[in-house]
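J.: Take this structure first; my questions come after.
The values are calculated or read from the model by the stated rules, or taken from the named source; none is laboratory data. Everything numeric in this text was worked out from a predicted model, so none of it was measured. Positions of Cβ are backbone-derived with ideal geometry, glycine not excepted, and every protein chain shown enters the neighbour counts.
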Amino acid sequence: MSDLRLMDKCILVTGSARRVGRIFALACARAGADVVIHHGHSDTEAEKVRDEIKGLGRNTWIFKADLSDSSQALGLIPRINESTPLHGLVNSAAIFEPLSLEQITFEKWERHISINLTAPFLLSQAFARQAQEGGRIVNILDWRALRPGADHFPYTISKASLAAMTKSLAVALAPNIPVNGLALGAILPPSDGARNPEIIKNVPMKRWANENEIEQALIFLLTSPEYITGEIIHVDGGRHLV
Ligand SMILES: NC(=O)c1ccc[n+]([C@@H]2O[C@H](COP(=O)([O-])OP(=O)(O)OC[C@H]3O[C@@H](n4cnc5c(N)ncnc54)[C@H](OP(=O)(O)O)[C@@H]3O)[C@@H](O)[C@H]2O)c1
């Protein structure tokens, strides 16, 4: 990303010590932003991302918070604001467990909802309070959010609800803060698994995404015309269409 469209804006990316969140954090830094790295448990990985962002010449901070704990989610942005105001919030942290209806316990259900839905809600509310002069929110969704099925049941419902909340927030936070969603498809295989060829069979584009495709989509939504709000862009190779 050679143009610096986010120069001197500070963006919080949740769950950015590793994997997709890390890709987003580095993309923001390459677009000129200062970046707040949030992590839950990946302390060492967060420090590596901090070093990479510093190497790009941007300011960066690390904040740890367990987003399954509502008091930690509530306190995160006020803590960050002691160091920096925020221009952008990217809600990327999530859990994704392959649970069928039969396998779901109350605790597993609650954990998915608290990390994948309640935390983005609490963070969005706190973000809006400190973004009086405007800002951006991008919620990271999944193609399943708009095509809910029975696999990964609590994850899918949490993301479908986050898609609905993206639209409600776009109305509630207008005209100050455009709120949009990025619905991802086959980006990275689960951290404990290989690239299952079966997944690609159902993707019209017949391949996994390239990292720069999700980077470009995120930077677009962080810099797009303000009149685009409540929109959900799929970066899934057409998976939601079949
Ligand atoms: N990977 C894909 O192909 C794909 C496809 C569709 C959608 N997505 C979406 O993209 C986003 C990132 O996906 P991913 O594959 O990178 O996810 P991932 O590997 O499961 O990583 C999850 C991230 O969320 C954080 N997290 C999980 N539980 C947390 C908690 N209790 N408190 C704080 N942070 C917590 C983790 O941070 P720590 O390790 O620091 O705890 C980690 O950075 C998610 O919203 C996911 O739904 C990904």
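J.: Residues to consider are GLU97, GLU82; find the one that is over 29 Å from ARG5 (Cα atoms) and modelled with pLDDT of 95 or more.
T.: The conditions single out GLU97.
J.: To continue, here is another question. So is LYS54 more than 15 Å from the ligand (Cβ to nearest atom) and assigned to a helix (DSSP H, G or I) or not?
T.: yes
J.: Let me ask another. Has segment 102-116 got at least one residue that is touching a Pro at 6+ places or on another chain (Cβ under 8 Å) and small (Gly, Ala, Ser)?
T.: No.
J.: Collect the residues in segment 123-133 that are surrounded by 20 or more Cβ atoms within 10 Å (Cβ to Cβ) and either within 12 Å of the ligand (Cβ to nearest atom) or acidic (Asp, Glu) (or both), keeping them in residue-number order.
T.: LEU123
J.: So, one more: Any idea which of SER71, SER100 is under 30 Å from ALA150 (Cα atoms) and of a type in the set (Gly, Ala, Ser)? Talk me through it step by step, then tell me what you get.
T.: Details: SER71 fails: under 30 Å from ALA150 (Cα atoms).
Sole residue among the options that is under 30 Å from ALA150 (Cα atoms) and of a type in the set (Gly, Ala, Ser): SER100.
J.: Tell me, yes or no, whether segment 82-102 has at least one residue that is crowded, with 23+ Cβ neighbours inside 10 Å and out of contact with any strand residue (DSSP E or B) (no Cβ under 6 Å at 6 or more places or on another chain).
T.: yes
J.: Report those helices (runs of 4 or more DSSP H) wholly inside segment 134-242 carrying at least 1 residues which are modelled with pLDDT of 95 or more, within 16 Å of the ligand (Cβ to nearest atom) and closer than 26 Å to LEU123 by Cα. Write out each step before concluding.
T.: Values: elements: 153-172, 197-201, 211-223.
Counting at least 1 such residues, we get 153-172, 211-223.
J.: Would you be able to tell me the number of residues in segment 136-163 that are farther than 16 Å from ILE233 by Cβ and among the aliphatic types (A, V, I, L, M)?
T.: Just the residues of segment 136-163 that are farther than 16 Å from ILE233 by Cβ, to begin with: 148-158, 160-161.
If we keep only those that are among the aliphatic types (A, V, I, L, M) as well, we get 150, 157, 160.
So the count comes out to 3.
J.: Would you pick out the residues in segment 20-51 that are of a type in the set (A, V, I, L, M, F, W, C), within 17 Å of PHE220 (Cα to Cα) and within 12 Å of the ligand (Cβ to nearest atom)?
T.: If the condition is that a residue be of a type in the set (A, V, I, L, M, F, W, C), within 17 Å of PHE220 (Cα to Cα) and within 12 Å of the ligand (Cβ to nearest atom), then VAL20, ILE23, PHE24, ALA25 are the ones that fit.
J.: Filter segment 71-85 for residues that are more than 16 Å from the ligand (Cβ to nearest atom) and within 20 Å of ILE115 (Cβ to Cβ) and give the result.
T.: Just the residues of segment 71-85 that are more than 16 Å from the ligand (Cβ to nearest atom), to begin with: 78, 81-85.
Within segment 71-85, PRO78 is the sole residue that qualifies.
J.: Restricting attention to segment 218-239, which residues are aromatic (Phe, Trp, Tyr) and either surrounded by 15 or more Cβ atoms within 10 Å (Cβ to Cβ) or on the phi > 0 side of the Ramachandran plot (or both)? Steps first, answer last, please.
T.: Start the filter on segment 218-239 by keeping residues that are aromatic (Phe, Trp, Tyr), which leaves 220, 227.
Within segment 218-239, PHE220 is the sole residue that qualifies.
J.: Shifting gears a bit: Pick from LEU99, LEU86, LEU4: which is part of a loop (DSSP other than H, G, I, E, B), more than 27 Å from PRO178 (Cα to Cα) and not hydroxyl-bearing (Ser, Thr, Tyr)?
T.: Only one candidate qualifies: LEU99.
J.: Name the single residue, out of those in segment 63-83 being outside any helix (DSSP H, G or I) and not charged (D, E, K, R), that is farthest from the chain's Cα centre (by Cα).
T.: Taking the candidates together, the pick is SER83.
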